[in-house]
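Everything below concerns the one structure shown next.
The values are calculated or read from the model by the stated rules, or taken from the named source; none is laboratory data. Keep in mind the model is a prediction, meaning the values are calculated, not measured. Cβ placement follows ideal geometry from the backbone for every residue including glycine, while neighbour counts extend to all protein chains displayed.
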């Protein structure tokens, strides 16, 4: 259990090289262009890189991570955020609690990616954004065997009840924006 979860150096997650590779500002801009969100949940928040970027734009941010040490760092960088320890497969919030649910480099690490995506959809009002490594062998990021093929992400999204799945190919990442018709 949890064999693919990140267990490396917390400082490395915020290195300038990694932040550049993540294209944080571009990802946030794309997400907010699709989802006019005022609140967001950062699933697998880590040190709060994306929660911090969304908070700087005025969103009410919350985050979960299976690693409590990561959340200690997130609280330092995003003191206004609400963070708690929890796995992606069991999000401890009520249905439709957040406008946007964001999973940054989490789906490929989840013990059960389908359960994680279903949980993200459950707590989202507008939609879910999933940032993942592209399915190519490269020096950065996880080995190819731990990366998700685009068709796998699409299949998981459809099985989770998403009706519209858009893939945005960034310079170093793949951003999936997933929408559904909310129940009335």
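For this structure, a couple of remarks:
- Residue 94, sole failed condition from (1) over 14 Å from the mean Cα position of the chain (by Cα); (2) closer than 28 Å to residue 159 by Cβ; (3) buried (at least 18 other Cβ atoms within 10 Å of the Cβ): (3)
Quick grid of which residues meet (1) touching a strand residue (DSSP E or B) at 6+ places or on another chain (Cβ under 6 Å); (2) in a loop (DSSP other than H, G, I, E, B); (3) modelled with pLDDT under 95; (4) closer than 18 Å to residue 44 by Cβ:
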site	(1), (2), (3), (4)
96	yes, yes, no, no
100	yes, no, no, yes
119	no, no, no, yes
131	yes, no, no, yes
154	yes, no, no, no
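- For the stretch 102-114, the criterion of being buried (at least 16 other Cβ atoms within 10 Å of the Cβ), on the phi > 0 side of the Ramachandran plot and within 14 Å of the chain's Cα centre (by Cα) is met by at least one residue.
- Failed criterion for residue 4 (all others in (1) at pLDDT 95 or above; (2) closer than 22 Å to residue 117 by Cβ hold): (1)
- If you check 158, 137 for being more than 16 Å from the chain's Cα centre (by Cα), in a helix (DSSP H, G or I), free of Cβ contacts under 8 Å to residues at least 12 places away in the same chain and surrounded by fewer than 22 Cβ atoms within 10 Å (Cβ to Cβ), only one passes: 158.
- Taking the stretch 134-146 as the range and being in contact with a helix residue (DSSP H, G or I) (Cβ under 7 Å, 6 or more places away or on another chain) and under 30 Å from residue 181 (Cβ atoms) as the test, only 135 passes.
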